[in-house]
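Contents: one structure, followed by commentary.
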């Protein structure tokens, strides 16, 4: 999914606005030259309108940036977008007029410039209405939704609820509210939204529910050990939003692993703390490359599917593909696909083999696992070809090409709390652990720390390095 905070999306958005502005200018030029009634038709030959257009492109680009015309739509009312749009165009017209005076560009048609301004506002408004409604329509159908947990249930919390209800296309869904006292559990806040726990239950609720964002509406001065609750959310990778009216120095993360910024939330100013990567442009590129390369890889590997499938069928009774429930981003459950490399009753037989487990932590591994299908199962595992069907998971938006491996629910239940932060990034087909030469000997805590290191230091360059090293591992056949 596109990340709404991505600065690259903003650049693309701004470029499209500039293109529409250029179209509006050329249309105004042609209208004035050919389509107006005779008294107003025609243009003076002296002004160089190409120079005027160049000035417009430069000025409008700056104006759009100053008025933040390309801010994410999810957290805005359309009237605010329209007002800023009109202000940006009018400001551009004022600056353009001053520059033409200073540069002594004379005889530019005022009628044509008036037509241009109207066309410019009209085209920009139309484009934003279309995009705004399309995005809202997708979100109203449940696509790209965000689950919100609110700390507080009084007036400030109700204002957040009102802001979201006024924008049903924002895609925000409320899980409920938390209060300071246990006796308030069950209290209805508004519109069916209830207090589902006390603040002391925060850790449990973060573990049990899919929480994308946590909003504090209670002044932190009234919350004892507020920094500890914020640390709990950050440790698991959930962004924290705060209504700003308190001293913040004591809650700023000294470890340097989080980002702090102020943003508008449907017209309300909030401060957010997050452990996610600030490289939003690269994250958008990563997401786009996931879809692009996964699609190409799936097409190129399709001839292997019937070959591998027939070999599995001839070697073992049962289905060709293996489906297993895994945990994805922030605990979202999905079905992971693989080529089946084990006998059909592998999960039942695992209980008998638990005493032989050679891995520490909640993970189960055996060097010579008797459940693996002879020859084909071993070959698929050594080369990593059993993971090919996960390209479908990538195209469904459930996985990335590179990221922490998606764990099974039984493993997550045994995680220490700090280990769950590995779920704060979309899981991948390969990761740092999988391209480590001695990956089968890596201890569980080391494995988790490698995933957290990947999350904290993520970059596109690191992803390409991991993919390259994974390809070498596959060629060497060192998988298991």
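Values in this text are rule-based calculations from the coordinates and carry no lab data. Since the model is a prediction, treat every value here as computed from it, not as a measurement. Here the Cβ positions follow ideal geometry from the backbone for every residue, glycine too, while neighbour counts run over all protein chains shown.
Sort 124, 99, 220 so that the residue with the fewest other Cβ atoms within 10 Å of its own Cβ comes first and the one with the most comes last.
Ascending Cβ contact count within 10 Å gives the list 99, 220, 124.
So how tilted is helix 280-301 from the main axis of the chain? Cα-based, degrees 0 to 90, rounded to 10.
Helix 280-301 sits roughly 60 degrees off the main axis of the chain.
Residue 190 to residue 110: extension gain in nm, 0.36 nm per residue of separation minus the Cα-Cα distance?
Between residue 190 and residue 110, full extension yields 23.4 nm more.
Distance in nm between label sites at residue 471 and residue 141, each 7 Å beyond Cα in the beta-carbon direction?
About 3.7 nm, to one decimal.
With a Förster radius of 25 Å, plug the Cβ-Cβ distance of residue 461 and residue 98 into 1/(1 + (r/R0)^6) and report the FRET value to the nearest 0.05.
0.05
Output the Cα-based Rg and Dmax of the range 280-476 in Å, rounding Rg to one decimal and Dmax to a whole number.
Using the Cα atoms of the range 280-476, the pair Rg, Dmax is 16.5, 48 Å.
If I take every Cα pair under 8 Å that is 6 or more residues apart in the range 333-434, average their sequence separation and divide by the length, what percent do I get for the relative contact order? Display every interim value, and only then the final one.
Details: 104 pairs, mean separation 29.7, N = 102.
Once divided by the residue count of the range 333-434, the mean separation gives 29 percent.
Stokes-Einstein diffusion coefficient for the range 288-349 at 25 °C in a medium of 0.890 mPa s, Rh from the Kirkwood formula over Cα pairs: what value in µm²/s?
179
Which of the following values of P(r) over Cα pairs in 10 Å bins from 0, in percent was calculated from the structure shown: (1) 4, 18, 26, 24, 17, 8, 3, 0, 0; (2) 5, 16, 15, 11, 10, 10, 9, 7, 5, 4, 3, 2, 2, 1, 0; (3) 4, 16, 22, 20, 17, 12, 6, 3, 1, 0?
Among (1) 4, 18, 26, 24, 17, 8, 3, 0, 0; (2) 5, 16, 15, 11, 10, 10, 9, 7, 5, 4, 3, 2, 2, 1, 0; (3) 4, 16, 22, 20, 17, 12, 6, 3, 1, 0, the one calculated here is (3).
Can you give the angle from 0 to 90° between the axis of helix 226-236 and the longest principal axis of the chain, with both taken from C-alpha atoms, to the nearest 10?
70
Given R₀ = 30 Å, FRET efficiency for residue 291-residue 222 by Cβ-Cβ distance, to 0.05? Could you put the intermediate results ahead of the total?
Working: r = 45 Å, r/R0 = 1.51.
Once the sixth-power term is evaluated, E becomes 0.10.
Could you order the peptides 294-303, 80-89 from most to least packed, using the average number of other C-beta atoms within 10 Å per residue?
The packing order, highest mean first, is 80-89, 294-303.
For a quick check: sort 352, 140 by the number of other beta carbons within 10 angstrom, fewest at the front.
352, 140
Let me have the relative contact order for the chain, percent, based on Cα pairs under 8 Å that are six or more residues apart.
12
Using Cα pairs closer than 8 Å and at least 6 residues apart in sequence, work out the relative contact order for the range 280-476, in percent.
Worked out over the range 280-476, it gives 23 percent.
Fewest to most neighbouring Cβ within 10 Å: what's the order for 212, 201?
Starting with the residue having the fewest Cβ neighbours, the order is 201, 212.
Per DSSP H run of at least 4 residues, take -39500 (n - 2.57); add these up for the chain, divide by its residues and hand me the 222 nm value, nearest 500 deg cm²/dmol.
Taken over the chain, the calculation gives -15000 deg cm²/dmol.
Once a ≥ b ≥ c are taken as the square roots of the eigenvalues of the Cα gyration tensor of the range 7-140, is the result rounded (a/c under 1.5), prolate (a/b larger than b/c) or oblate (a/b not larger than b/c)? Don't jump to the answer; show the numbers that get you there.
Numbers: a/c = 2.66, a/b = 1.80, b/c = 1.47.
It is prolate, given that a/c is not under 1.5 and a/b is the larger ratio.
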